[in-house]
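A short write-up of the structure that comes next.
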Amino acid sequence: MSTKLLIIRHGQSIGNLNERFLGHTDLDLSEKGYKQAEATAEFLKNVHIDKIYSSDLIRAYNTVLPIAKSHNLKIITSKNLREIYAGEWENKSYAFLSEHFPTEYAAWKNDIGNAKCNGGESVTELSKRIYAEFEKIAQENIGKTVCIGTHATPIRTFYAACKSIDKDEMHQIPWASNASITTAYYSDGKFEIEEYGYDLHLGEISSFFSSNI
């Protein structure tokens, strides 16, 4: 038997809207982000879900909250599902990062698999953290369908790990859009991605940020 994972990127956040690198900074969804969360819940209302997990950061939690309400489920939070810890980049604007950390921020934009936030996590460290947490959740829920609310970089690194994409090539993977759904299956100790970043249900309220998390 396999575990089905419905991995949801948080809706548009205040950080997305204001072009700031949030990391662990705990800012909420924007007005559009709340609409995206409701639209994703509506899309999944007839999909059987056994459990819901989420990053404890409010932008992820509030994205899956409408899903939890529609399925009458509690949300299990985990710090291990958080976005990358950004250190000195926390809640800084893109313009600030470009000015003060030009080399490191250029790596984030162009060579993300080898990037590291100044004073924070590296993408490699994040990837190991996220994969281990996803595997733990999958192993605890064999034969079930679980929904996981998380962030852009975790989803991108998880996709790379599942597809055996080397960190030097990770920059070729696009960001999953806000409130999109990535579907994966876990069985026999292995993950397989069925669909990455599905967002057609959002229509004209979809939003995509190439650099923001």
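Observations, loosely collected:
- The set of residues in region 2-46 being among the aromatic types (Phe, Trp, Tyr), touching a residue at least 40 places away in the same chain (Cβ under 8 Å) and within 18 Å of Ala68 (Cα to Cα) consists of Phe43 alone.
- Whenever a residue of region 164-191 is within 22 Å of Ser55 (Cα to Cα) and at pLDDT 95 or above, its partners that are surrounded by 16 or more Cβ atoms within 10 Å (Cβ to Cβ) and acidic (Asp, Glu), lying with C-beta atoms within less than 6 angstrom and at least six residues away or across chains, give the pairs Ser177/Asp199; Ser180/Asp199.
- The residue of region 103-119 that is surrounded by the most Cβ atoms within 10 Å (Cβ to Cβ), among those that are part of a loop (DSSP other than H, G, I, E, B) and touching a residue at least 60 places away in the same chain (Cβ under 8 Å), is Cys117.
- Total residues in region 84-100, condition touching a Cys at 6+ places or on another chain (Cβ under 8 Å), surrounded by fewer than 23 Cβ atoms within 10 Å (Cβ to Cβ) and assigned to a helix (DSSP H, G or I): 2
To keep it simple, each residue is scored yes or no on (1) more than 18 Å from Gly15 (Cβ to Cβ); (2) touching a residue at least 24 places away in the same chain (Cβ under 8 Å); (3) surrounded by fewer than 20 Cβ atoms within 10 Å (Cβ to Cβ).
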position	(1), (2), (3)
His48	yes, yes, yes
Tyr53	yes, yes, no
Lys74	yes, no, yes
Ser78	yes, yes, yes
Arg82	no, yes, no
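- Residue in region 20-30 that is in a strand (DSSP E or B), over 30 Å from Ser98 (Cα atoms) and of a type in the set (A, V, I, L, M) present: no
- One residue stands out among those in region 120-145 that are under 20 Å from His24 (Cα atoms) and acidic (Asp, Glu): the one that is surrounded by the fewest Cβ atoms within 10 Å (Cβ to Cβ), which is Glu125.
- Residue in region 182-192 that is surrounded by fewer than 19 Cβ atoms within 10 Å (Cβ to Cβ), in contact with a helix residue (DSSP H, G or I) (Cβ under 7 Å, 6 or more places away or on another chain) and in a strand (DSSP E or B) present: yes
- For Thr153, the requirement of being under 17 Å from Gln36 (Cβ atoms), touching a residue at least 12 places away in the same chain (Cβ under 8 Å), polar (S, T, N, Q) and outside any loop (DSSP other than H, G, I, E, B) is not met.
- Among the candidates Val64, Val146, the residue that is in contact with a Ser or Thr (Cβ under 8 Å, 6 or more places away or on another chain), of a type in the set (A, V, I, L, M), at negative phi and not in a helix (DSSP H, G or I) is uniquely Val146.
- Qualifying residues in region 55-72 (those that are within 14 Å of the chain's Cα centre (by Cα) and more than 22 Å from Tyr131 (Cβ to Cβ)) - the one surrounded by the most Cβ atoms within 10 Å (Cβ to Cβ): Asn62
The values are calculated or read from the model by the stated rules, or taken from the named source; none is laboratory data. What you see is a predicted model; the values in this text were computed from it and never measured. In this analysis, Cβ positions are derived from the backbone assuming ideal geometry, glycine residues included, and neighbour counts consider all displayed protein chains.
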